[in-house]
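This report concerns only the one structure given below.
The values are calculated or read from the model by the stated rules, or taken from the named source; none is laboratory data. Keep in mind that what you see is a predicted model, and the values were worked out from it rather than measured. Using ideal geometry, Cβ is built from the backbone for each residue, glycine included, and neighbour counts are taken over all protein chains shown.
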Amino acid sequence: MGEKKVSIGNVAFGGKEIVLIAGPCSVESEEQLLSTARVVKKEGARVLRGSAFKPRSSPDAFQGLGKSALEFLQKARSETGLPIVSELMDTSQVNALAGTVDCVQVGARAMQNFELLKALAKTNVPVLLKNGLSATVKEFLQAADYLSKGGNKNVILCLRGIRTFETETRFTLDLGLVPALKKLSGLPIVVDPSHAAGKRETVPALAKAAVAAGADGLIIEVHPEPENALSDSAQQLNFSEFQKIVPELNAVAKAVGRKI
Ligand SMILES: [Mn+2]
């Protein structure tokens, strides 16, 4: 458990309870988001994820629905009661997101966008800060310092793996960093098995291993029809796959003295 608790809405991270954050990679339609929100809530997720603005490697890839996605997220929150987390990429989106969502996600590619971190430091919105694709632990913690030393102490670190020479998994996830980062930062640590794995069949094993390693939360991509998803199609779980892993995660959590 982290020394410091950080809450997204009324959901605390860093206590005995391990928090499941789940939802689609991208918000694609109202129905896609709402149907996913209902299922993940029923299975025990406490926070809903869904990106409105997408940082994509290719300019030809789906860039996100933007403002209308934020409206769908708010609708999903009012229907299910789940607080919402969504990603932002630059300072121009701070006002739109900080006033709308319960937590902003700073993605791997923005971890060293220092102007963005400085702008978020001036708000109180909880930040889910992902490690950069090739960031060292020191650089990751320095990015977190931009937020906390700038005035925003509501920081949750998210491990999503780094780029190595290995291509079998999308990114290489060093779970030894869960206890290391807790000790170094005292902050709650969330693990993202979806982006690390890059393919859905690897997600359950990484998720369970992360719980065993002491993660305070997991962020898992879930989509009604992953094969037709507009982003990260290969790694999103469908509803039955998500339903299947939750009891397994519960069992691992219990084995390490925690609960989901
Ligand atoms: Mn994704």
Quick test of your reading of the structure: Glu168 fulfils all but one of (1) away from the ligand (no atom under 16 Å from the Cβ); (2) at pLDDT 95 or above. Name the failing condition by number.
(2)
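Table: residues versus (1) at pLDDT 95 or above; (2) within 25 Å of Phe140 (Cβ to Cβ); (3) out of contact with any Lys or Arg (no Cβ under 8 Å at 6 or more places or on another chain).
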{"site": "Lys67", "(1), (2), (3)": "no, no, yes"}
{"site": "Ala76", "(1), (2), (3)": "yes, no, yes"}
{"site": "Asn95", "(1), (2), (3)": "no, no, yes"}
{"site": "Asp102", "(1), (2), (3)": "yes, yes, no"}
{"site": "Leu116", "(1), (2), (3)": "yes, yes, yes"}
{"site": "Ala121", "(1), (2), (3)": "yes, yes, no"}
Quick check on Ile156: is it in contact with a Lys or Arg (Cβ under 7 Å, 6 or more places away or on another chain) and at pLDDT 95 or above?
no
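Here is a yes/no grid of residues against (1) within 16 Å of the ligand (Cβ to nearest atom); (2) surrounded by 15 or more Cβ atoms within 10 Å (Cβ to Cβ); (3) polar (S, T, N, Q):
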residue	(1), (2), (3)
Thr123	no, yes, yes
Leu128	yes, yes, no
Leu141	no, yes, no
Leu159	yes, yes, no
Lys183	no, no, no
Gly186	no, no, no
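Of all residues in the stretch 24-83, how many are outside any helix (DSSP H, G or I) and in contact (Cβ under 8 Å) with a residue 24 or more places away in the chain?
Residues in the stretch 24-83 being outside any helix (DSSP H, G or I) and in contact (Cβ under 8 Å) with a residue 24 or more places away in the chain: 26 in total.
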Within the stretch 8-23, considering residues that are touching a Pro at 6+ places or on another chain (Cβ under 7 Å) and assigned to a strand (DSSP E or B), the one nearest to Ala215 (Cα to Cα)
Phe13
Working only within the stretch 196-222, note down all residues that are under 20 Å from Arg46 (Cα atoms) and within 16 Å of the ligand (Cβ to nearest atom).
Val203, Leu206, Ala207, Leu218, Ile219, Ile220, Glu221, Val222
Please state which of the following conditions Asp174 fails to meet, knowing it meets all the rest: (1) closer than 23 Å to Leu249 by Cα; (2) touching a residue at least 24 places away in the same chain (Cβ under 8 Å).
(2)
Yes or no: the stretch 68-86 includes at least one residue that is of a type in the set (S, T, N, Q) and farther than 16 Å from Leu33 by Cβ.
no
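How many residues are of a type in the set (D, E, K, R), under 18 Å from Ile189 (Cα atoms) and touching a residue at least 24 places away in the same chain (Cβ under 8 Å) when one looks only at the stretch 97-154? Outline the logic, then answer.
If we filter the stretch 97-154 for residues that are of a type in the set (D, E, K, R), which is where we start, we get 102, 109, 115, 118, 122, 130, 138-139, 145, 149, 153.
Next cut, under 18 Å from Ile189 (Cα atoms) only: 102, 130, 138-139, 145, 153.
Still in the running and touching a residue at least 24 places away in the same chain (Cβ under 8 Å): 102, 130, 139, 153.
The number of residues fulfilling the criteria is 4.
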Filter result (more than 10 Å from the ligand (Cβ to nearest atom), within 27 Å of Val127 (Cβ to Cβ) and in contact with a helix residue (DSSP H, G or I) (Cβ under 8 Å, 6 or more places away or on another chain)) within the stretch 224-240
Leu237
